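For reference, the structure is listed below as structure tokens.
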Amino acid sequence: MSRLPRALSGAQPTADSYHLGNYIGAFMNWVALQDDFEAFYFIPDMHAITVDYDPAQLAERTYVAAAQMIAAGVDPERSALFVQSHVPEHAQLAWILNGVTGFGEASRMTQFKDKSSKAGTEFASVGLFTYPILMAADILVYQADKVPVGEDQRQHVELTRNLAQRFNHRFGETFTVPEAYIVKETAKIYDLQEPTNKMSGSNPVHTGVVDLTDTPKQAAKKIKSAVTDSETEIRYDVKAKPGVSNLLTIYSVLTGRTIDDLVKAYEGKQYGHLKVDLAEIVGELVGTFGARTRELLDDRGELDRILAAGAARAREVAAPTLDLVYERSGFAKPLGGRP
Ligand code: TRP
């Protein structure tokens, strides 16, 4: 029986809310992929504990993350939406993959170098170091074909491909070798105050970050105060005009109008016009988005049911993969099967 190809992705619940960059750069793609793929979308809460975090906040952030993914259009009827820690096969497979990962190879992961250089490697957790191996397990346990991620995750998907090929080669055909699906440059959103840096939830200052929990007023204000440049012409030029180009990108993605079309429409107009119009569009988005998210969060019972159904569906695929991996690895079978 032929099946749909599988897409899989996750977004860490490391902030109180996702932001406009996550919405445009990740969730809009996830939603579009649901038509042609059997999709698995999850909240990697086990990745979130590899850096300093507050356990009192994690569950709430996980709920908000799930609600925001649904508000963005992830459809739990069609796609498996679940929490990583609810599916034990991720951690189980990660341990096995640790055994086929070279220490040198893991040491070359640039995200670890970036993240650990802040406090110094001495203080970074071993979990942060092996994080890409858990990520590989997230992907391989579902035999995923396509992994929509940002450019910053390309190296981790590359590692995942290497581990899959190596395991297959050593132990026999087991894993699908996945492909990264990197969002187009035009769907990458930058900080409104520092438009050469990616919009990031970990930025301590949120004047350049539109949170999806912002009120329409707050969001509009952030758009209107976006840093541009000292020229007056509205045109798309990421190098010379990163601020204006970022606004044009956001405008284009949210309305479906092409950048060319927008540039023509704003010919002879000032930056202020563009900002006012875009502020209204973004304000409206966070308004509806926020209302839908709150509605979902107000019914925890329903959200729990959705996540339980998602985890059950995920395990239907993850458990047989892990069984096969255990068998290929040569483990003695416990009486009655793997727990
Ligand atoms: N590491 C990813 C990020 O920070 C999140 C993630 C974890 C992920 N597991 C994944 C993304 C598996 C894609 C597939 O963005």
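Assuming R0 = 22 Å, what is the FRET efficiency of Tyr181 and Leu4, from their Cβ-Cβ distance, to the nearest 0.05?
Plugging the Cβ-Cβ distance into 1/(1 + (r/R0)^6) gives 0.90.
Expressed as a rounded percentage, what relative contact order does the stretch 126-266 have, with Cα pairs under 8 Å and six or more residues apart?
17
Which number do you get for Rg(Cα) / (2.2 N^0.38 Å) in the stretch 187-339?
Taking N as the residue count of the stretch 187-339, the ratio is 1.55.
Test of the criteria: in the stretch 61-156, which chymotrypsin sites (Phe, Trp or Tyr not before Pro) are in a DSSP loop and have at most 12 other Cβ atoms within 10 angstrom of their Cβ?
Taking the stretch 61-156 and a limit of 12 other Cβ atoms within 10 Å, the loop chymotrypsin sites (Phe, Trp or Tyr not before Pro) found are Phe123.
How would Glu194, Glu89 rank on accessible area, largest to smallest, probe 1.4 Å?
The ranking, largest first, comes out as Glu194, Glu89.
Among rounded, prolate and oblate, which fits the chain when a ≥ b ≥ c are the square roots of the eigenvalues of its C-alpha gyration tensor, a/c under 1.5 means rounded, and a/b larger than b/c means prolate? Walk me through the numbers on the way to the answer.
Values: a/c = 1.98, a/b = 1.74, b/c = 1.14.
Since a/c reaches 1.5 and a/b is larger than b/c, the shape of the chain is classed as prolate.
If I ignore ligands, DNA and RNA and count only protein heavy atoms, how much of Tyr236 is accessible to a 1.4 Å probe, in Å² to the nearest 10?
80
Measure off, as a whole percent, the carbon and sulfur share of the 1.4 Å-probe accessible area of the chain, all protein chains present.
On the way: 8750 of 16420 Å².
Of all accessible area on the chain, carbon and sulfur atoms account for 53 percent.
Tell me whether the stretch 280-339 comes out rounded, prolate or oblate; compute the Cα gyration tensor, take square roots of the eigenvalues as a ≥ b ≥ c, and use a/c under 1.5 as the rounded threshold.
prolate
Over the stretch 171-232, average the accessible area per residue using a 1.4 Å probe and give it in Å², no decimals.
Numbers: 3360 Å² over 62 residues.
Ligands and nucleic acids excluded, the figure is 54 Å² per residue.
Could you grab the relative contact order for the chain? Cα pairs under 8 Å, six or more apart, rounded to a whole percent.
That works out to 22 percent.
Among Glu179, Glu233, Glu105, which one shows the highest mean-square fluctuation when the chain is modelled as a Gaussian network with alpha-carbon springs under 10 Å?
Highest fluctuation of the listed residues: Glu105.
Cross-link partners among aspartates and glutamates for Lys241, C-alpha distance below 16 Å, same-chain residues fewer than 8 apart left out?
Filter leaves Glu185, Asp191, Glu194, Asp229, Glu231, Glu233, Asp260, Glu267.
Go through Lys184/Lys217; Lys113/Lys239; Lys115/Lys269; Lys115/Lys239 and tell me which ones have a Cα-Cα distance over 31 Å in this structure.
Lys115/Lys269
Rounded, prolate or oblate, given the Cα gyration tensor of the stretch 104-157, with a/c below 1.5 counting as rounded?
prolate
To the nearest 10 degrees, how steeply does helix 89-98 sit against the main Cα axis of the chain, on a 0 to 90 scale?
Helix 89-98 sits at roughly 80 degrees to that axis.
The values are calculated or read from the model by the stated rules, or taken from the named source; none is laboratory data. This is a predicted model, so every value here is computed, not measured. Cβ coordinates were reconstructed from backbone atoms using ideal geometry, including for glycine residues, and neighbour counts include every protein chain displayed. Remember, those area values only see protein heavy atoms, side chains included, never the ligands or the DNA or RNA. Shrake-Rupley method; radii C 1.70, N 1.55, O 1.52, S 1.80 Å.
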